[in-house]
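**Q** Just passing along the structure, written as structure tokens.
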Amino acid sequence: MAKKDVPPRWDRKMQQRLARGEAAALGELYDRFASLVHGLAHRVLGDEKAADTLTREVFAHLWEHPETYDPKRGPLRTWVAGVTHRLAVQRLRDSETAALPRGGGSLAELERKVRHASVAARADYIVHSMPAPLRAALDLAYFQRRDYRQTAADLGVTEDEARRRLRLGLQLLSTAHDAGAPPEHGGAV
């Protein structure tokens, strides 16, 4: 069994390949994480075109700054999500600040929007990062409107196990509001 503080081999090798400037490594990184990056960007920015642009910017940043990933601080996926979140929130702040009237405006409203987008992005990240059994239970219960008995039958587990999965999934999701952003990993943007 691997030590908890040792990142997966793929993550370490990917960082090394990016640091050496291997273009194929960037392609592999894009193939693996483009949907995560685009999804988080879209969730924060609320615009498909802006999410496309930010996705390109995130991968350019990852290519130019692979040294900001610290394997000791967590998985590569978490670093990629953190970079995406920080760049998306910065883009949202910049666009909202530019849209404020010169004589003032509601900075409080801007901060409320940023906090809301951060919580939504964090919830999306948590759902996509949680173990598949928990995600499947939440999907059945909340998106397909099954009760815990139907969820248990659909998953082929006991009712107690279905309730446990739903409870754990909801506990994980509840942290989205408290934290507001994916965990910081690998240095500043």
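The values are calculated or read from the model by the stated rules, or taken from the named source; none is laboratory data. Here the structure is a predicted model, which is why all the values come from computation and not from measurement. Neighbour counts run over all protein chains shown; Cβ positions are idealised from the backbone, glycine included. Quick note on the areas: whole protein, heavy atoms, side chains included, nothing else; ligands and nucleic acids left out. Shrake-Rupley method; radii C 1.70, N 1.55, O 1.52, S 1.80 Å.
**Q** Cross-link candidates for Lys113: which aspartates and glutamates have Cα within less than 20 Å, leaving aside residues fewer than 8 places away along the same chain?
**A** Partners found: Asp47, Glu48, Asp94, Glu96, Asp124, Asp178.
**Q** Can you give the local net charge around Leu140? Use residues other than it whose beta-carbon is closer than 12 angstrom to its beta-carbon, Lys and Arg +1, Asp and Glu -1.
**A** Taking every other residue near Leu140 into account, the sum is +2.
**Q** Moving on to the next point. Round to a whole number: what % of the accessible area of region 1-95 belongs to carbon and sulfur, probe 1.4 Å?
**A** 52
**Q** How would you rank 114-121, 36-43, highest first, on the average number of other Cβ atoms within 10 Å across their residues?
**A** Sorting 114-121, 36-43 by mean packing, highest first, produces 36-43, 114-121.
**Q** Please calculate how many Å² of accessible area region 9-101 carries per residue, with a 1.4 Å probe and no DNA, RNA or ligand atoms counted.
**A** With all protein chains present, region 9-101 gives 51 Å² per residue.
**Q** Tell me which aspartates and glutamates have Cα within less than 15 Å of Lys72's Cα, excluding those fewer than 8 residues away on the same chain?
**A** Counting by Cα, and skipping residues close in sequence, Lys72 has these aspartates and glutamates nearby: Asp5, Asp11, Glu184.
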